[in-house]
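The values are calculated or read from the model by the stated rules, or taken from the named source; none is laboratory data. Everything numeric here is computed off the predicted structure, so don't read it as measured data. FYI the Cβ positions are ideal-geometry reconstructions off the backbone, even for glycines, and counts take in every protein chain you see. Accessible surface areas use protein heavy atoms only, side chains included; no ligands, DNA or RNA. Shrake-Rupley method; radii C 1.70, N 1.55, O 1.52, S 1.80 Å.
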Amino acid sequence: MLTAVLLFLPLAAALLLLLTKGATARALALGASLIEFALAAYAAFAFKTTGSGSFNLDYAWIPSAGINFHVGMDGLSLLLVLLTTFLVPLILLSAFKHKYDNPATFYALVLFMQTGLIGVFTSLDAFLFYFFWEVALIPIYFLAGAWGGERRVAVTLKFFLYTVVGSLLMLAGFVYLYLQTGPAAGSLAAHSSELSAFYSLKLSASEQSWLFWLIFAAFAVKMPIFPFHTWQPDTYTESPAPATMLLSGIMLKMGIYGTMRWLLPVVPLGVSQWQKPVIILSVIGIIYGAIIAIRQRDVKRLIAYSSLSHVGLMAAGVFSLTQIGLQGATIQMLAHGVNVVGMFFIADAIERRTGTRHIPDLGGLTRRTPILSVCFLVMLLSTVALPLTGGFVGEFLLLAGVYQYNAWVGAIAGLTIIFSAVYLLRMFQRVMLGPDSSFSETITDLTGGELLILVPLIALVFWLGLFPGSFLHISEPAVTGLLTQVGR
Amino acid sequence: MTSIILLSVFGILNLFLGFLRSNKVLLPGAMLLLLAVFGANYADWNAGHAPYFNNMLVVDNYTVAFTGIVLLTTIVLLPFSRSYVLEGDANLAEYYALLLFSLVGAIMMVGYDHLLMLFVGIEILSVCMYVLAGSRKRDSRSNEAALKYFLMGAFATGILLFGIALLYGATGTFALSQLGTAIATPANASLQPMLYIGILMMIIGIGFKVSAAPFHFWTPDVYEGTPTFFTAFMSTVVKTAGFGAFLKLLAVALPAAQGFWMPTIQAMCALTLLLGNVGAAAQTSTKRMLAYSSVSHAGYLLIGLVASKGNLTGDAANGIFFYSLAYSIATIAAFGVVKLVVDHRQRDDYAGLNGLGKTNPLLAFVMTVSMLSLAGIPLTGGFFGKFFLLAAAAGQGYIGLVVFAVIMSMVGLYYYLRPLIAMYLRPAEADATPVPVDGIQTATLAFLALLTIVLGVAPGLLSGIL
């Protein structure tokens with residue numbers, strides 16, 4: 001029942017928002033997202049004490065086709081719901097810093113998207129999952145499109161077509177699986193699209209082989225995995241900052257989560273068949289993203305490519321099919337979400353002050369902005385995976401998982417840490433330190449409102465880095481369960 | 001049956017209302033009359049199998065369901081005739097009367113149990129549409145559309161009639177169920193050539209009415225020339241009734257000849273999907289895009305015919321019902337918005353929609369919902385329509401066709417997105433003023449968008465009701 005409240009509260013708030021404007025809209029949006037976070041935190045508390053049984057809701061949605069509105073949360077879902085509900089209020093706060101046209105609609109779309117995201121992370125029915133998968137896409141398309149930069153029309157069209165084509169392929173795969181459940185030639189009502197029904201299917205290796213790619217298409221585009229990534233840097237760059245944060249901080253995790261829950265256990269034979277190519281693609285993505293990031297002169301684009309590189313490592317860890325790799329991916333989803341939102345927020349803060357993201361135009365900002373510099377450095381070092389930060393725990397576990405799969409691949413994937421140190425520290429050096437630019441004397445430091453966004457992020461970075469056990473603990477049974485399912 | 005009687009009576013009543021020479025009364029009058037018919041139709045739901053006219057017409061849940069769609073579609077279409085009211089069009093009463101009469105034909109098309117009744121139904125509907133296509137007497141494009149539609153339509157009806165005659169020759173009966181048994185009788189095998197030519201001719205005749213390729217070529221021209229108000233009617237009511245008739249014919253009368261028509265329909269289906277979607281992607285005018293898109297939707301509905309396999313109550317039949325409903329309301333909403341915008345801005349290309357999100361948020365929102373529904377994106381009824389049809393077809397093993405349909409719906413994304421891009425991502429011209437929309441149109445558009453979303457969120461309400 002709690003899951004249903006988590007799902008529909010943002011939606012209700014989004015609808016209400018359309019009737020409000022100005023300060024009321026801000027208060028309503030922020031209030032709803034904070035209540036949402038409180039509910040998720042309560043869910044985490046309840047999970048620790050009484051388990052996840054009470055989160056289930058199973059309701060006959062389309063009886064004539066055997067489709068149920070079945071949502072629930074295990075440890076893995078819970079962590080992602082926590083991440084979503086934690087980031088959305090901060091993203092809203094960062095949106096308040098901008099003067100958008102129709103701000104109420106903007107906030108409503110953010111909350112609407114939150115419903116979609118939470119739906120994706122909690123659905124236990126394939127069609128419901130697909131439904132929320134697309135529900136999450138529609139608002140972000142409009143957020144990126146209507147409030148985006150100059151090249152928004154072409155860029156968002158590409159983004160939309162890529163993701164929808166990917167998810168249609170996934171839908172085709174789901175329909176095939178769905179028709180395999182129940183009697184062979186019955187009416188649709190006799191079939192089932194429950195996750196558990198998919199888990200208990202006995203499909204041949206050749207069927208699983210092509211089903212793997214149908215389903216993986218959607219996840220590979222969303223993450224994105226090389227070579228399905230071409231929409232990503234443009235979309236991240238052209239979108240308004242809050243939309244970029246939603247895309248990189250949360251939406252990207254839909255792909256990783258989907259792989260863990262809807263791909264690995266559903267077509268395990270297909271996975272073992274394609275494990276190697278996918279890991280190779282992921283590692284190519286790691287190196288490719290990093291090398292291109294080094295060459296970037298636009299702060300936002302650099303972070304976008306850096307994100308591409310880090311996602312590659314997460315995918316490789318997931319496909320290592322080891323406990324440590326999957327746990328690493330789980331913790332890294334949280335850490336990366338926090339890091340990338342923080343990085344994009346700081347990039348946005350600099351752009352709002354200087355009017356540019358062009359690295360050569362910036363430099364020597366640090367003298368007037370000690371607090372900004374410190375925050376930037378913390379986020380950056382966590383992205384580089386320095387010990388004590390969340391990034392370190394995630395990447396360490398991921399690399400350990402990949403290493404277990406193959407030592408050479410692990411070694412190459414490990415380059416990501418060196419590479420990200422190179423491009424991120426170089427950027428920091430050129431933007432914050434370095435020779436003075438025209439902004440060095442005039443730039444102002446972070447305001448209290450901005451700190452309000454960064455402090456929770458930084459706190460979480462250290463929490464993840466110092467006490468990762470508190471999170472790993474939550475997801476462990478779920479991850480073990482998934483791996484048992486894969487190994488059957 | 002009550003609905004046919006009421007519609008006929010109300011049609012004539014409407015003609016008399018025309019004598020009042022007050023267009024202000026006519027629009028609400030016609031809407032109220034149709035609402036009454038809708039209620040009468042609803043009263044027949046679950047009333048069982050009621051035959052009329054020596055079993056020539058039958059009213060059962062199938063008839064009632066499809067009648068419901070065409071009535072609802074017409075009711076929500078009427079408010080967009082406001083421009084005729086404002087212009088003081090002297091023939092408004094006749095238009096309404098013709099719409100009501102054509103609905104009688106549509107109901108006969110979904111309720112027939114006898115091929116002559118099918119023919120009479122199609123003719124009633126068609127003759128009304130020929131007239132309405134040319135209702136802008138001084139507009140040469142409207143005249144062209146009417147003439148084209150009439151000539152092509154007359155040919156198609158002729159071919160259909162010829163097919164009916166051949167079918168009668170081969171089986172000795174016009175009644176649907178008897179046709180079914182006669183065709184299944186092995187003793188009639190020697191008559192097969194005649195039977196097959198008859199079936200083929202009937203498929204051509206009905207294929208023309210529902211604009212299935214390769215008999216769709218008239219559609220873009222006629223849709224473009226016909227006044228938008230009637231184009232909306234053509235692409236929804238005529239199509240829904242046509243598919244209601246088509247499904248009944250194939251499922252009740254011709255299941256035994258499945259081996260013959262199945263490949264034909266499959267080929268038509270693939271061709272319709274291809275030409276409709278590729279054609280729509282190439283258009284620059286919103287109205288022409290909608291015309292081609294209506295061809296492509298005939299393709300998706302044909303998949304339902306393929307999957308129905310002689311079953312009027314199965315998944316495929318339910319899919320066709322759901323799809324027709326979702327398609328009709330989304331199409332009416334889209335045409336409604338296009339009509340209002342074109343009337344005001346005097347241009348019908350995509351750029352005519354530029355910046356509508358700013359000037360008319362409601363119109364833009366409604367257009368968005370209908371485009372997403374037509375494209376089959378979740379949260380809208382169109383998604384579940386496609387889902388039911390394609391799942392039913394895949395369940396029957398028509399994987400190739402389903403895969404092709406999915407690929408074509410990816411093409412569809414491209415052109416359905418273009419109005420959205422124009423409305424939200426491109427700025428309006430500097431001197432653009434809001435498109436005037438009156439209260440009843442606002443309410444109707446909001447209702448259509450809401451209904452589309454309701455169908456997309458709670459499809460269980462209407463799925464599997466047949």
| task | State whether the residues of segment A:368-385 include one that is farther than 21 Å from A:Gly289 by Cα, crowded, with 16+ Cβ neighbours inside 10 Å and modelled with pLDDT under 90. | result | yes
| Criterion violated by A:Ser192 - all others in (1) more than 21 Å from A:Leu87 (Cα to Cα); (2) more than 14 Å from chain B (Cβ to nearest Cβ); (3) not in a helix (DSSP H, G or I) satisfied | (2)
| field | Tally, over segment B:137-178, of residues that are over 19 Å from the mean Cα position of the chain (by Cα), over 23 Å from B:Leu254 (Cα atoms) and open to solvent by 80 Å² or more (accessible area, probe 1.4 Å) | value | 8
| task | Taking A:Val165 as meeting all but one of (1) surrounded by 21 or more Cβ atoms within 10 Å (Cβ to Cβ); (2) within 11 Å of another protein chain (Cβ to nearest Cβ), write down the number of the exception. | result | (1)
| remark: Among helices (runs of 4 or more DSSP H) entirely within segment B:355-436, at least 2 residues that are within 10 Å of chain A (Cβ to nearest Cβ) and open to solvent by 40 Å² or more (accessible area, probe 1.4 Å) occur in B:361-375, B:399-420
| query | Residues in segment A:170-185: is at least one within 10 Å of chain B (Cβ to nearest Cβ), more than 18 Å from A:Arg261 (Cα to Cα), open to solvent by less than 10 Å² (accessible area, probe 1.4 Å) and assigned to a helix (DSSP H, G or I)? | reply | no
| message | What pairs come out if I take residues in segment B:216-231 that are open to solvent by 30 Å² or more (accessible area, probe 1.4 Å) and pair them with residues that are part of a helix (DSSP H, G or I) whose C-beta lies under 7 Å away, six or more apart or interchain? | response | B:Asp221/B:Ala145; B:Asp221/B:Lys148; B:Glu224/B:Lys287; B:Glu224/B:Arg288; B:Glu224/B:Ala291
| Cβ pairs under 7 Å, 6+ apart, first in segment A:201-227 and polar (S, T, N, Q), second in a helix (DSSP H, G or I) | A:Gln208/A:Leu269; A:Gln208/A:Gly270; A:Ser209/A:Gly270; A:Ser209/A:Gln273
| message | Among (1) modelled with pLDDT under 90; (2) in contact with a helix residue (DSSP H, G or I) (Cβ under 9 Å, 6 or more places away or on another chain); (3) on the phi < 0 side of the Ramachandran plot, there is one condition B:Val366 misses while meeting the rest; what is its number? | response | (1)
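For the structure I just gave you, tell me whether A:Phe96 is aromatic (Phe, Trp, Tyr) and surrounded by 24 or more Cβ atoms within 10 Å (Cβ to Cβ).
no
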| query | Could you list, in sequence order, the residues of segment A:142-162 that are out of contact with any Leu (no Cβ under 8 Å at 6 or more places or on another chain), surrounded by fewer than 24 Cβ atoms within 10 Å (Cβ to Cβ) and either closer than 19 Å to B:Ser409 by Cα or at the interface with chain B (Cβ under 7 Å from one of its Cβ atoms) (or both)? | reply | A:Lys158, A:Tyr162
| said: Suppose the filter is modelled with pLDDT under 95, of a type outside the set (Lys, Arg) and in contact with a Lys or Arg (Cβ under 7 Å, 6 or more places away or on another chain); does B:Ser294 pass it? | reply: yes
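Hey, does segment B:63-81 have a residue that's open to solvent by less than 40 Å² (accessible area, probe 1.4 Å), more than 19 Å from B:Thr240 (Cβ to Cβ), part of a helix (DSSP H, G or I) and in contact (Cβ under 8 Å) with a residue 12 or more places away in the chain?
Yes, segment B:63-81 contains a residue that is open to solvent by less than 40 Å² (accessible area, probe 1.4 Å), more than 19 Å from B:Thr240 (Cβ to Cβ), part of a helix (DSSP H, G or I) and in contact (Cβ under 8 Å) with a residue 12 or more places away in the chain.
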| field | Residue ranges of helices (runs of 4 or more DSSP H) in segment A:261-356 with at least 3 members touching a residue at least 40 places away in the same chain (Cβ under 8 Å), open to solvent by 10 Å² or more (accessible area, probe 1.4 Å) and among the charged types (D, E, K, R) | value | A:323-354
